[in-house]
Amino acid sequence: MKKKSIVIVICCFVLIALLTMAFGNSSKSSKKSAGKIGVIYVDGLIIGGRAQSVLNDYNGTDSIMKQLRAAKDDDTIKAVVIRINSPGGSAPASQEVAEEVKKLRSTGKPVISSMGDVAASGGYWLAAVTDKIYANPATLTGSIGVYMPYANWQELYKKIGISNEKIKSGPHKDILSPERSMTNEERAIIQVMVDDMYEQFVQVVAEGRKMDIKQVKQLADGRIYTGNQAKALGLVDELGNFYDAVDGAAQMAGIVGKPEIKEFGQGSPFSMLFGPSEKIDIQQVFEKKIINKFMLTLPMVIPEQW
Amino acid sequence: MVGERLMNVFLEMIFDVLFHPRQAMNVISSSANVGHSLIIFLISESILLWGILLGADNKGLFVPIPLIFVIQLFISFVLWYLFSAVFHLGAELLGGKGTASGLFSAVGFAYVPRIFLVPLWVLAAFVPNSSVVAMLSVFIVIVWTLWLFFEAIRQSHQLSSVRSFCVLIFPFVIAMLFFTLVAAIISMIFSKLPFWFGQSL
C-alpha cells in the first residue's frame, strides 16, 4: 500500500510537470513586446538575381528584397537597420532594392542605414533612400556616378589569329562587343544611357538627402569620401558604428530600453551549401564578365579600381 | 479486478525498480515478461518525449510533434534492443547464465528513472542557474539508469560486480572503437582529396 502511494504521488508530480511544460510560460502567448529592430545585411557586390552558393553560381539581390518584405510584414519589427558593406554593383539591382526600402518606409517603420568598411556607389544609392545614415569616420562612401565597362579585344584577336564575324539584324545589335572598336555613334548612344542612369542616381540622392540637384551634382563626380567628409558635405547624418545605428533606430521607433535585434537572412547549414547566399565571390563575378557577355553590358555603380 | 491487480503489480514493480533495484531486477529477469517491460518502456519514453516536445513547442520552436515522437520512440526501442543484445553477448562471453529475454525485460525497466527528468526540468526553471540544475538532473538520471543496467546484467546473468561492470561498458568500448576506425578511414580518404578540389572550373 505504501509502495503504491509513493508511486502514485510520483506519477502526479510527473503529470503536473508535463502540463506545466505544455502550457506554462508560453512565449507564443501574447506578451507585450517593446518591439524589435530588424537587421538586414548588404555585403559585397550588389548584383541582380538570385544569390551565390557553393553549388550555384548565381548571385543577386533577390534575397535582400525578400528580407525587406519579411521585415515589412513582421508586426514585431518596429524599425530596420540596413548594414551596408558594399563597394556598389549594378545600377538596376541597387534601384530594385532601393524601391523595396521605400516601400518599407511607407509602412511607417523607420529604416536606418549603417555603413561598414565601405558603402560606395550602389551602396550609397541604398543608403540615400533611408531615413538616416550612420557611418564611421573612416568609412569609404560616395562614388556617386555610373559607368558601363567596355573592353576592346580586337588587337588581341588579331595577334592570335581569330577573326570574328556577326550577322546582325541591326547596326547596333552588337553594341559594346569586345571584338571590335566602338564607333562614335555607339559611344554617343552609351553615353546617353550612362547620363540617364546618372541623372536617376542624382535624383535619388537629392530626394533622399533633401538636397538641391545642383548641389548633389557638385558632389557626384564619382569621387569617394570618408565618413567624416561625407558628414561635412551632408551625405551622411551621423558618425557612429552599427550599435549607434541600432540605438538611433530604436529611438526613432519609440522603443524604450535595450532593443531586441532580429537578424534577417540567417540560413541553415543546408541552405548555406545548396541555397542562395549573400556572400558573393567578387573575383568570380569579374571573371564572369570576361566569359559572359551579358555582364559586360551592365551599367555599374561601383568604383573602377576596387 | 484483473486490471486493478495488474495496476497494483505495475506500481509495486516501479517502486521496487526505483528503490530496491537488486530484488526487482532479479524478479523481472526471472519472469522474463517482455510485455510488462514494453509497457513500462513506452510509458517512460513517452513521458520524456512529450515533455521535451511540448516544451520546445511552448517556446515557439517549430516542432512536428507527432512525427518526431514516433521516430524517437522507434529509435529508442531499437537502442533498447541493441543494448540488450550487446549486454547479453558480453555476459555470455564472461560466463553469464541468464537468458536474452530475461535481460531484455530487465533492461526495459531501467528506463523508469527518465520520468523524473520532466519534473526536474520544470523545477530547474524556477531556480537560479537553471541550466546547471537541468544538466545536473540529466547527469543524475543517466547515472541512475546505468546503475539499473548494471543491476539488470548482474541479476539476470548472476555475474559478479566486476564482470557486470565490464559487460556494462562493453557496448561503449565497441562504439568508441568503431567510431575511431571510421574517423581513421575518413581522414585517410580526405588526405587524398586536396588534389581533386584544387582545380577550379
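Considering only residues that are of a type outside the set (A, V, I, L, M, F, W, C), in contact with a strand residue (DSSP E or B) (Cβ under 9 Å, 6 or more places away or on another chain) and either buried (at least 22 other Cβ atoms within 10 Å of the Cβ) or under 15 Å from A:Ile144 (Cα atoms) (or both), which ones fall in region A:79-94? I'd like the intermediate steps shown before the answer.
As a first pass, look at region A:79-94 and keep what is of a type outside the set (A, V, I, L, M, F, W, C): A:83, A:85-90, A:92, A:94.
From what is left, the residues that are in contact with a strand residue (DSSP E or B) (Cβ under 9 Å, 6 or more places away or on another chain) are A:83, A:85-90, A:94.
Result: A:Ser86, A:Pro87, A:Gly88, A:Gly89, A:Ser90, A:Ser94.
Being outside any helix (DSSP H, G or I) and in contact with a Ser or Thr (Cβ under 7 Å, 6 or more places away or on another chain) is the filter here, so list the residues in region B:108-149 that pass it. Write out each step before concluding.
Of the residues in region B:108-149, the ones outside any helix (DSSP H, G or I) are B:110-111, B:126-129.
Of everything in region B:108-149, those that are outside any helix (DSSP H, G or I) and in contact with a Ser or Thr (Cβ under 7 Å, 6 or more places away or on another chain) turn out to be B:Ala110, B:Tyr111.
Determine which single condition A:Arg187 fails, assuming it passes every other condition in (1) open to solvent by less than 40 Å² (accessible area, probe 1.4 Å); (2) in a helix (DSSP H, G or I).
Unmet condition: (1).
Quick one: B:Gly51 ticks every box in (1) at pLDDT 85 or above; (2) out of contact with any Asp or Glu (no Cβ under 7 Å at 6 or more places or on another chain); (3) crowded, with 20+ Cβ neighbours inside 10 Å bar one, so which box is it?
(1)
Among what's in region B:112-128 and is within 8 Å of chain A (Cβ to nearest Cβ) and within 20 Å of B:Phe10 (Cα to Cα), pick the residue that is least open to solvent (accessible area, probe 1.4 Å).
The extreme case among them is B:Ile115.
Which one is farthest from the chain's Cα centre (by Cα), of the residues in region B:158-184 that are farther than 24 Å from B:Ala100 by Cβ and open to solvent by less than 80 Å² (accessible area, probe 1.4 Å)?
B:Ala184
Taking A:Asp174 as meeting all but one of (1) touching a residue at least 12 places away in the same chain (Cβ under 8 Å); (2) not in a helix (DSSP H, G or I), write down the number of the exception.
Failed condition: (1).
Only one of A:Ala17, A:Ala71, A:Ala91, A:Ala98 is modelled with pLDDT of 85 or more and within 14 Å of another protein chain (Cβ to nearest Cβ); which? Show your work before the answer.
On the way: A:Ala71 fails: within 14 Å of another protein chain (Cβ to nearest Cβ); A:Ala91 fails: within 14 Å of another protein chain (Cβ to nearest Cβ); A:Ala98 fails: within 14 Å of another protein chain (Cβ to nearest Cβ).
Result of the check over A:Ala17, A:Ala71, A:Ala91, A:Ala98: A:Ala17.
Give me a count of the residues in region A:20-61 that are buried (at least 21 other Cβ atoms within 10 Å of the Cβ), modelled with pLDDT under 80 and within 14 Å of chain B (Cβ to nearest Cβ).
Qualifying residue count, region A:20-61: 1.
Restricting attention to region B:25-36, and to residues there that are among the small types (Gly, Ala, Ser) and within 14 Å of B:Leu6 (Cβ to Cβ), which single residue is surrounded by the most Cβ atoms within 10 Å (Cβ to Cβ)? Talk me through it step by step, then tell me what you get.
Within region B:25-36, the first condition is being among the small types (Gly, Ala, Ser), and the residues that meet it are B:29-32, B:35.
Right, trim to within 14 Å of B:Leu6 (Cβ to Cβ) and you get B:31, B:35.
Numbers: B:Ser31: 15, B:Gly35: 9.
Out of the qualifying residues, it is B:Ser31.
The values are calculated or read from the model by the stated rules, or taken from the named source; none is laboratory data. Note that the coordinates shown come from a computational prediction; the quantities given were computed from them, not determined experimentally. Here the Cβ is made from the backbone with ideal geometry for all residues, glycine too, and neighbour counts use every protein chain on show. Calculation scope for accessible area: heavy atoms of the full protein, side chains included, ligands and nucleic acids excluded. Shrake-Rupley method; radii C 1.70, N 1.55, O 1.52, S 1.80 Å.
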